[in-house]
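Everything on this sheet refers to the single structure shown next.
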Amino acid sequence: MTTADHLAAIDLLRARGFDGGQDHHLAELATSEDFWEDDGTRRPVVEDQYEAERDGLGALLTARWGEPRELDLWPVLERSMEGEPIPEPWSALSCHTPDLRLWRADGLWIGLGVSQWDKELPFQLLAVLTTVDPPTEV
């Protein structure tokens, strides 16, 4: 998919809204190959590529809604592991996405991040749209 396709997917989710008590959408905009057979050389290249895709798409969102907020999800994961209840989608995202770029627009939080569950598994370019405020920093 192209950056234009990613932007269209985000716009579609924004237009769709929420129903049935749902308060967030999480979209996999792109997914890489896995790294089970990687000798250690391909993974960093793909990680850089996915971060560049995030940043390119982020530039378009910044043109629309201004500078994003950076949300470090590592402290959120730590708080969750210590037993603090963290609302979704933030709790699940903190398990596999180190940070997000977040914009606030039309009553929604729109976030972009690069996810990877484990070093052998694929990278994913993720978009999240939610009405749930991100966890406050402690």
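Calculate the dipole size of the chain relative to its Cα centre from +1 charges on Lys and Arg beta carbons and -1 charges on Asp and Glu beta carbons; express the result in debye to the nearest 20.
Value, rounded to 20: 560 debye.
So, in nm, how far is label Glu120 from label Leu60 when the simple model puts each one 7 Å beyond its Cα toward the Cβ?
Placing both labels 7 Å along Cα→Cβ, they lie 3.5 nm apart.
If N is the number of residues in the range 71-138, what value comes out of its Cα radius of gyration divided by 2.2 N^0.38 Å? Don't skip to the answer; put the middle values down first.
Details: Rg = 11.9 Å, N = 68, 2.2 N^0.38 = 10.9 Å.
For the range 71-138, the normalised Cα radius of gyration is 1.09.
What number, rounded to the nearest 500 deg cm²/dmol, is the helix-based mean residue ellipticity at 222 nm of the chain, given -39500 (n - 2.57) per DSSP H run of at least four residues and division by all its residues? Mind dumping the intermediate values first?
Working: 4 runs with 51 residues, N = 138.
Helix-only estimate at 222 nm: -11500 deg cm²/dmol.
Which FRET efficiency value, to the nearest 0.05, is calculated for Thr41 and Cys95 with the Förster distance at 35 angstrom and r the Cβ-Cβ distance? Before the final figure, lay out the partial values.
On the way: r = 27 Å, r/R0 = 0.76.
The formula returns an efficiency of 0.85 here.
Determine the share of the range 1-56's accessible area contributed by carbon and sulfur atoms, expressed in whole percent, with a 1.4 angstrom probe.
Here carbon and sulfur together make up 49 percent of the probe-accessible area.
Give me a comma-separated list of calculated 3J(HN,Hα) values for the range 36-43, in order, Karplus coefficients 6.51, -1.76, 1.60 applied at θ = phi - 60°, integers in Hz, x for any Gly or Pro.
4, 9, 6, 8, x, 9, 7, 4
Hey, what's the per residue convex hull volume over the C-alpha atoms of the range 23-75, in cubic angstrom? Walk me through the numbers before you get to the answer.
On the way: hull volume 7.4 nm³, N = 53.
Normalising the Cα hull of the range 23-75 by residue number yields 140 Å³.
For Arg43, tell me the accessible area in Å² from a 1.4 Å probe, rounded to the nearest 10.
The accessible area of Arg43 comes to roughly 70 Å².
Tell me the per residue accessible area of the chain using a 1.4 Å probe; a whole number in Å² is fine.
Per residue, the chain has 54 Å² of solvent-accessible surface.
What fraction of the Cα pairs in the range 10-126, stated in percent, has a spacing above 17 angstrom?
Of all Cα-Cα pairs in the range 10-126, 60 percent lie more than 17 Å apart.
Counting only protein heavy atoms and using a 1.4 Å probe, what share of the accessible area of the range 75-125 belongs to carbon plus sulfur, as a whole percent?
Roughly 55 percent of what the probe reaches on the range 75-125 is carbon or sulfur.
Taking the Cα centre of each part, how many Å lie between the range 106-138 and the range 23-89?
6
Roll a 1.4 Å probe over the protein heavy atoms and report the accessible area of Leu29 in Å², nearest 10.
10
The values are calculated or read from the model by the stated rules, or taken from the named source; none is laboratory data. None of these values were measured; they are calculated from a predicted model. In this analysis, Cβ positions are derived from the backbone assuming ideal geometry, glycine residues included, and neighbour counts consider all displayed protein chains. SASA here: full protein model, heavy atoms, side chains in, ligands and nucleic acids out. Shrake-Rupley method; radii C 1.70, N 1.55, O 1.52, S 1.80 Å.
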